[in-house]
């Protein structure tokens with residue numbers, strides 16, 4: 001995944017979203033193919049045989065995950081690492097949490113009822129019946145008499161939010177008791193374990209268009225996913241939509257193509273990078289550029 005700045009205050013969100021896509025393609029191409037394909041985003045590559053359409057074929061591989069018209073920001077790209085067992089435990093604790101909340105509300109509702117009855121008993125007997133009627137009548141159905149009673153005796157509208165005005169001491173103990181129970185149950189819940197992950201939304205397949213001069217406001221013909229033409233031996237079968245998977249399967253197919261052991265660049269690029277990490281310099285000094293502007297291998301036979 002490329003760095004995602006779309007949650008920042010970018011002045012043009014659509015441009016920022018497409019920059020994330022461009023950075024992702026750059027990371028994949030330089031780290032695995034040893035090619036800088038970014039130049040082909042706007043026109044045919046100036047030095048290497050990479051066409052404008054080639055760039056967008058690679059883009060089409062990632063488009064379902066980076067649908068810039070239906071964007072999901074980084075905080076929305078979280079996947080839980082809970083096992084099935086942990087998830088079951090979490091669901092059980094969630095039920096306990098709800099049960100504690102329901103019991104708390106039931107006791108609070110009883111306190112509201114007790115408060116109402118306590119305050120009602122203080123009224124003259126001849127007013128009590130009408131006062132009870134005013135409380136039990138829905139607000140939209142109340143008569144002027146009901147409204148006058150409620151204005152004169154505000155306790156008639158006592159509820160969970162206002163009952164503390166009448167029983168503050170009792171509710172202090174109430175809150176401490178239930179907060180402690182809530183904390184006890186919350187402690188049983190497994191810790192959340194989330195990771196950022198690039199995923200597709202099942203059933204949502206955006207169209208990839210070739211952008212004239214790289215301008216997202218100038219879409220041209222539709223482009224299907226595929227390998228760069230210069231290294232495509234005809235075996236890079238990347239489907240637009242794999243019917244056997246809940247998602248398009250484009251990135252999975254591309255990953256399998258890159259790692260099938262027959263790709264002309266991946267093994268060389270990775271071995272060269274490992275060589276650089278161990279010995280300070282790769283057999284090809286320009287580790288991210290195996291193109292015409294990169295440096296020739298010092299020992300090509302060893303690299304092969």
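General remarks:
- Some residue of the range 253-275 being assigned to a loop (DSSP other than H, G, I, E, B), farther than 21 Å from residue 26 by Cβ and more than 32 Å from the chain's Cα centre (by Cα): yes
- For the range 146-169, the candidate set comprises residues that are out of contact with any helix residue (DSSP H, G or I) (no Cβ under 7 Å at 6 or more places or on another chain) and assigned to a helix (DSSP H, G or I); within that set, the residue that is farthest from residue 105 (Cα to Cα) is 148.
- On inspection, residue 20 passes the criterion of being out of contact with any helix residue (DSSP H, G or I) (no Cβ under 8 Å at 6 or more places or on another chain) and either without any contact (Cβ under 8 Å) to a residue 60 or more places away in the chain or part of a helix (DSSP H, G or I) (or both).
Table: residues versus (1) in a helix (DSSP H, G or I); (2) at pLDDT below 90; (3) under 41 Å from the mean Cα position of the chain (by Cα).
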{"residue": "98", "(1), (2), (3)": "yes, no, yes"}
{"residue": "102", "(1), (2), (3)": "yes, no, yes"}
{"residue": "119", "(1), (2), (3)": "yes, yes, no"}
{"residue": "172", "(1), (2), (3)": "yes, yes, yes"}
{"residue": "177", "(1), (2), (3)": "yes, no, yes"}
{"residue": "185", "(1), (2), (3)": "yes, no, yes"}
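- Check on residue 221, in a helix (DSSP H, G or I) and exposed (fewer than 14 other Cβ atoms within 10 Å of the Cβ): no
Residues are listed down the side, and each one gets a yes or a no for (1) in the same structural domain as residue 18 (by TED's automatic domain parsing); (2) touching a helix residue (DSSP H, G or I) at 6+ places or on another chain (Cβ under 6 Å); (3) at positive phi:
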| position | (1), (2), (3) |
| --- | --- |
| 211 | yes, no, no |
| 227 | yes, no, no |
| 234 | yes, no, yes |
| 237 | yes, no, no |
| 242 | yes, no, no |
| 248 | yes, no, no |
| 283 | no, yes, no |
| 294 | no, no, no |
| 300 | no, no, no |
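- The set of residues from the range 119-163 being surrounded by 13 or more Cβ atoms within 10 Å (Cβ to Cβ) and in contact (Cβ under 8 Å) with a residue 40 or more places away in the chain comprises 119, 155, 156, 158, 163.
- Matching residues, the range 71-86, being loosely packed, with under 12 Cβ neighbours inside 10 Å and modelled with pLDDT of 90 or more: 81, 83, 84, 85
- Odd one out for residue 61, checked against (1) at pLDDT below 95; (2) surrounded by 14 or more Cβ atoms within 10 Å (Cβ to Cβ): (1)
- Taken residue by residue, the range 67-85 has no member that is closer than 29 Å to residue 4 by Cβ and over 27 Å from the mean Cα position of the chain (by Cα).
The values are calculated or read from the model by the stated rules, or taken from the named source; none is laboratory data. For clarity, every value in this text was computed on a predicted model and none was experimentally measured. Please note: Cβ atoms are built from the backbone with ideal geometry, for glycine as well, and neighbour counts cover all protein chains shown.
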